[in-house]
Amino acid sequence: MSSPETGQAGHWHGTTILTVRKGGLVAVGGDGQVSIGQTIVKANAKKVRRLGKGDVIGGFAGATADAFTLFERLEAKLEQYPGQLTRAAVELAKDWRTDRFLRRLEAMMIVADKDVSLVLTGTGDVLEPEAGIVGIGSGGNYALAAARALADGPLDAEAIVRRSLDIAAEICVYTNRNVTVETLKA
């Protein structure tokens, strides 16, 4: 099913979120552009933030209000299952898939803590990326490809995220260079 926000089924437009794990560090970054159709309405949105007690980082692609609803729900799950990001994410995914209100939310999330990085979707998916690198959003595949190419080099996780988001911004019209990056020691 296609929607105006996504353009095509399952392909979110309007952002790029990337996570990289390397050398004892996990970094999650995202651009700041918010678009409605072909119009940029905000260039400095913060789509990446710390959750829980600061030991989890989350980033979202999709409808902003929907993402904030999901962040709030995830924080409640993290309180219920402290120190268990995977369990909290699975419980959120169950609710997201089965709750009539949540099912209508149009967003994807990347969440990470010191142990695991996960992608959460409204279809009930909780996916752990291979090699600790994953991207979502309209520029997600561009950033993912760049990060994979840079992963064997000398850059640390944060530098890889920043450079990869910059590369994605060169290619994706829904991605800008106003980035937010959060890091945790893994």
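Numbers below:
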item	result
Identity of the residue in the range 138-160, buried (at least 19 other Cβ atoms within 10 Å of the Cβ) and in contact with a helix residue (DSSP H, G or I) (Cβ under 7 Å, 6 or more places away or on another chain), that ends up farthest from ALA45 (Cα to Cα)	LEU150
Residues satisfying the stated conditions in the range 60-99, i.e. of a type in the set (Gly, Ala, Ser) and within 16 Å of GLY122 (Cβ to Cβ)	ALA61, GLY62, ALA63, ALA65, ALA67, ALA89, ALA93
Enumeration of residues in the range 155-176 that are within 16 Å of GLY59 (Cα to Cα) and of a type in the set (Lys, Arg)	ARG162
Any hit, the range 61-82, residues being closer than 17 Å to VAL161 by Cα and either modelled with pLDDT of 95 or more or not polar (S, T, N, Q) (or both)	yes
Hits in the range 118-174 - residues which are in a strand (DSSP E or B) and of a type in the set (A, V, I, L, M, F, W, C)	LEU118, VAL119, LEU120, VAL126, LEU127, ILE133, VAL134, ILE136
Matching residues in the range 12-46 - criterion: being over 16 Å from GLU182 (Cβ atoms), under 18 Å from the mean Cα position of the chain (by Cα) and aliphatic (A, V, I, L, M)	VAL34, ALA43
First in the range 105-122 and within 16 Å of LYS185 (Cα to Cα), second anywhere and surrounded by 17 or more Cβ atoms within 10 Å (Cβ to Cβ) and basic (Lys, Arg), Cβ under 7 Å, 6 or more apart	SER117/ARG21
Of all residues making up the range 92-115, the number that are modelled with pLDDT of 95 or more and not in a loop (DSSP other than H, G, I, E, B)	3
Qualifying residue in the range 164-175 (condition: touching a Leu at 6+ places or on another chain (Cβ under 7 Å) and not polar (S, T, N, Q))	yes
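The values are calculated or read from the model by the stated rules, or taken from the named source; none is laboratory data. Small disclaimer: the values here were computed from a predicted structure and weren't measured. Positions of Cβ are backbone-derived with ideal geometry, glycine not excepted, and every protein chain shown enters the neighbour counts.
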